[in-house]
Structure formats: C-alpha cells, structure tokens
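Enquirer: Can you keep this structure in mind? I'll have questions shortly.
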Amino acid sequence: MAKKIRLKTISLGSEPDQPDMDELTCFIRSMKGQEADLTTYYLIRSLEKQLEAGITSPACGGRFMQSRFEDALICSPEGCHVSTSVFEDDARVMIKTAGPVASVLPSPGLLPESPDPEDEEAFAEFCDVYAKILRNMRDQKITGHILHAKEVSMIEAEHLSSRKTIFVIPDGTFVAQSGLLEFQSTIALSRTRVKFLDELIDQFDIRRLILVDPNEEGFKKALQHLDPEKIQVGGYGKGEDRQYWKCIADSAEIPLPNN
C-alpha cells in the first residue's frame with residue numbers, strides 16, 4: 001500500500017447562501033443580549049462548519065464582508081474616516097466561536113468606496129484607513145488577515161502587506177501572481193493556475209503554497225518543487241458548505257510520489 005501524508009488545510013473564506021427566515025430567527029434569538037445581524041450569522045456558521053470538518057487553519061469572511069465597509073467607511077473630498085467598532089465586534093464573535101483565527105476581507109481595491117488607485121495620494125490615505133481596521137481586529141486577538149484581490153498595487157503592498165496579512169488571487173494571471181511574490185512569499189493557486197508554478201519557482205522564493213481545490217495533477221506538480229510542510233490545501237466555500245469543507249479536509253491526505 002502506498003504511503004500517505006496529510007497536508008495542512010486552510011480556509012480562504014466563504015460565500016454562504018442566505019438562510020431561510022426560520023433559521024435566521026432562531027439564530028438571532030440565540031444571540032439575545034448581543035449585537036448580531038446576517039453577517040454575524042455567516043461568520044459563526046462558516047467557522048462552525050470548518051471546525052466540524054477539521055480544517056487546520058480556519059478563517060472566516062469573504063466578499064460578503066463588503067457590507068461592513070459600506071457601514072464603517074465614510075469618504076468625502078476632504079478624506080476618509082472609519083468606525084472600526086463593528087469589525088471589532090466581529091473579531092470577538094470569531095474568537096469566541098473558534099479561538100484564534102484569521103479574518104478574510106476584500107482588499108481595498110475591490111471596495112466601491114475606494115478612490116481610483118491612479119490617484120496615489122487619495123488611495124494611499126484610503127489604505128491607511130483600511131489598515132486601522134486590520135490593526136484593531138488584531139488587537140481583539142485575530143491572528144491575521146487574508147485579503148482577496150483582483151490585482152494588487154504597490155500602494156496596497158506598502159501600506160498593508162505584513163507577516164500577518166497576505167493577499168490572494170487564486171485565479172489570477174501569471175502577471176498577478178508574480179506581482180504578489182514581489183512582496184510576499186505565500187501564493188495561492190487554483191487548479192487551473194498551478195501550471196504557473198514551474199516558472200514562479202524559478203523566479204521567486206516561495207515559502208508557502210496554498211493549492212485551492214487541487215486535483216492530483218496539482219499535488220504532483222507542487223511536490224516536485226516543494227516539501228510537504230510548505231504546501232497547504234485551501235478552499236473558498238460557496239453555498240451550503242458543510243460538505244465542501246469535509247471534502248477539502250479529506251483531499252489533504254495524499255499518497256507520497258514514487259522516487
């Protein structure tokens with residue numbers, strides 16, 4: 001029998017279905033005395049499903065967190081201001097549900113409130129305001145942030161990239177992936193983007209590779225270049241995602257390649 005290894009797993013967030021009214025009503029009643037809304041429901045339920053599945057590094061959030069920014073950010077020609085209290089409340093709920101976990105958010109460039117990145121001064125100010133949200137969530141014991149993007153500007157990288165904050169573009173082009181590796185050593189690649197790995201490895205020092213929804217071919221290519229401890233299996237749940245996270249956890253047990 002072929003020897004198997006188990007890779008670590010990581011959540012890159014989720015895009016949950018809206019619950020039916022009865023389920024949401026029961027949830028709100030269970031949160032009596034606490035501030036809670038639909039986003040709170042998504043955060044708690046997503047984490048619970050990841051914990052059930054045994055995901056090594058749970059994280060919650062995703063594109064649905066955009067609504068939080070709509071409420072918290074106020075931008076005008078005079079500048080941008082933010083109230084971070086709702087994000088701090090989210091952080092406390094996440095920690096209470098699952099212990100120290102990461103938060104998943106859309107990057108500044110994906111937010112409708114964002115100034116045009118070509119306006120470097122305004123966009124830099126916006127990124128500074130955004131960074132305050134990340135700092136205040138970490139003050140509430142959030143372990144770090146995963147920021148989904150379409151592309152990342154150098155302004156975002158300079159103002160937000162850190163040991164505790166990574167950008168991911170799993171379906172990004174080769175140029176987008178290369179741009180990320182200019183300032184971070186972690187990369188997330190979907191199964192259709194693992195083909196970039198040969199060239200990326202030649203050009204950059206990749207210390208952590210997240211294979212998103214990988215297939216056998218992706219595992220083989222990753223193990224050609226990296227030791228297993230540098231590879232994680234990642235996922236982004238959509239819809240009713242209990243079975244999805246179980247599949248991610250199960251897929252992380254793989255046979256060792258023949259020498």
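Enquirer: Being in a helix (DSSP H, G or I) and surrounded by fewer than 21 Cβ atoms within 10 Å (Cβ to Cβ) is the filter; apply it to segment 150-159 and report the residue that is nearest to the chain's Cα centre (by Cα).
Expert: Step by step, filter segment 150-159, then rank; the result is Ala157.
Enquirer: Additional query: If I ask for residues that are in contact with a helix residue (DSSP H, G or I) (Cβ under 7 Å, 6 or more places away or on another chain), over 22 Å from Ile146 (Cβ atoms) and among the hydrophobic types (A, V, I, L, M, F, W, C), which ones from segment 204-259 would you list?
Expert: Scanning segment 204-259 gives a single hit, Ile254.
Enquirer: Inside segment 160-180, can you point out the residues that are assigned to a loop (DSSP other than H, G, I, E, B) and open to solvent by 50 Å² or more (accessible area, probe 1.4 Å)?
Expert: Passing the criteria: Arg163, Lys164, Asp171, Thr173.
Enquirer: I would also like to ask the following. Could you say whether any residue in segment 170-181 is of a type in the set (D, E, K, R), out of contact with any Gly (no Cβ under 7 Å at 6 or more places or on another chain) and more than 23 Å from Asp139 (Cβ to Cβ)?
Expert: yes
Enquirer: From the list Ala59, Ala53, which one is under 20 Å from Gly99 (Cβ atoms), hydrophobic (A, V, I, L, M, F, W, C) and within 14 Å of the chain's Cα centre (by Cα)?
Expert: Just a single option satisfies the conditions, and that option is Ala59.
Enquirer: Go through segment 42-57 and give me each residue that's closer than 15 Å to Tyr236 by Cβ, modelled with pLDDT of 95 or more and of a type in the set (S, T, N, Q).
Expert: Of everything in segment 42-57, those that are closer than 15 Å to Tyr236 by Cβ, modelled with pLDDT of 95 or more and of a type in the set (S, T, N, Q) turn out to be Gln50, Ser57.
Enquirer: Further question on the same structure: If you check Glu23, Glu15, which single one turns out to be farther than 24 Å from Pro228 by Cβ, loosely packed, with under 15 Cβ neighbours inside 10 Å and touching a residue at least 40 places away in the same chain (Cβ under 8 Å)?
Expert: After ruling out the rest, the residue left standing is Glu15.
Enquirer: Could you pull out the residue among Ile133, Ile155 that is in contact (Cβ under 8 Å) with a residue 60 or more places away in the chain and touching a helix residue (DSSP H, G or I) at 6+ places or on another chain (Cβ under 6 Å)?
Expert: Ile133
Enquirer: Working only within segment 11-40, note down all residues that are of a type in the set (S, T, N, Q) and either in contact with a Gly (Cβ under 7 Å, 6 or more places away or on another chain) or outside any loop (DSSP other than H, G, I, E, B) (or both).
Expert: Matches in segment 11-40: Ser11, Ser14, Thr25, Ser30, Thr39, Thr40.
Enquirer: Here's something else I'd like to know. Here are some residues: Asp128, Asp116, Asp139. Which one is in contact (Cβ under 8 Å) with a residue 40 or more places away in the chain and not aromatic (Phe, Trp, Tyr)?
Expert: When all the criteria are applied, what remains is Asp139.
The values are calculated or read from the model by the stated rules, or taken from the named source; none is laboratory data. These numbers come from a predicted model, not from an experiment. Cβ coordinates were reconstructed from backbone atoms using ideal geometry, including for glycine residues, and neighbour counts include every protein chain displayed. Protein only, heavy atoms only, side chains kept; ligands, DNA and RNA dropped before computing areas. Shrake-Rupley method; radii C 1.70, N 1.55, O 1.52, S 1.80 Å.
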